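Accompanying notes for the structure given below.
The values are calculated or read from the model by the stated rules, or taken from the named source; none is laboratory data. No experiment lies behind these values; they were computed from the predicted model shown. With ideal geometry, Cβ positions are generated from the backbone for all residues, glycine too; neighbour counts draw on all protein chains shown.
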Amino acid sequence: MEFCPGCGTRLIPKRRKGEKKVFLSCPKCEYEKPAETPISPLRTPRRAPQEDIVVIGRKEQKLKTLPTVVIECPKCGNNQAYVWQVQTRGADESTTQFFRCTKCAHTFREYS
């Protein structure tokens, strides 16, 4: 592992188009130097942003495998909803309980 002499950022192995030679490049200040030993550029898989945000997707919503509880829906007044818990805040704080109405599919939450 090498660091940029100008800004101290870790140098990342990169290969220019059409060349076989690998260079160590600074992502911050664009400093480059040829790699002294053969290095293959590291590839990290990229995830789509929506994968991190979705609590329960539309496909999973149709499965109806979640447990149900008796609670009144604030939208339609139905008295049954699916329930699940998610740790939305710090690990030292309690979980957030989510509910989805079995009739109108309205999602609401309850902080424990």
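For first residues located in region 13-25 and assigned by TED's automatic domain parsing to the domain that holds MET1, partners that are of a type in the set (Phe, Trp, Tyr) and lie 6+ apart or on another chain with Cβ distances below 9 Å form the pairs PRO13/PHE23; LYS14/PHE23; ARG15/PHE23; ARG16/PHE23; LEU24/TYR31; SER25/TYR31. Of the strands (runs of 3 or more DSSP E) lying entirely inside region 60-112, the ones with 1 or more residues being of a type outside the set (Gly, Ala, Ser) and loosely packed, with under 12 Cβ neighbours inside 10 Å are found at 68-70, 107-111.
Within region 13-27, the residues that satisfy the criterion of being surrounded by 12 or more Cβ atoms within 10 Å (Cβ to Cβ) and either assigned to a loop (DSSP other than H, G, I, E, B) or at pLDDT 85 or above (or both) are LEU24, SER25, CYS26, PRO27. Being more than 30 Å from THR9 (Cβ to Cβ), modelled with pLDDT of 80 or more and surrounded by 13 or more Cβ atoms within 10 Å (Cβ to Cβ) is a description that does not apply to LYS33.
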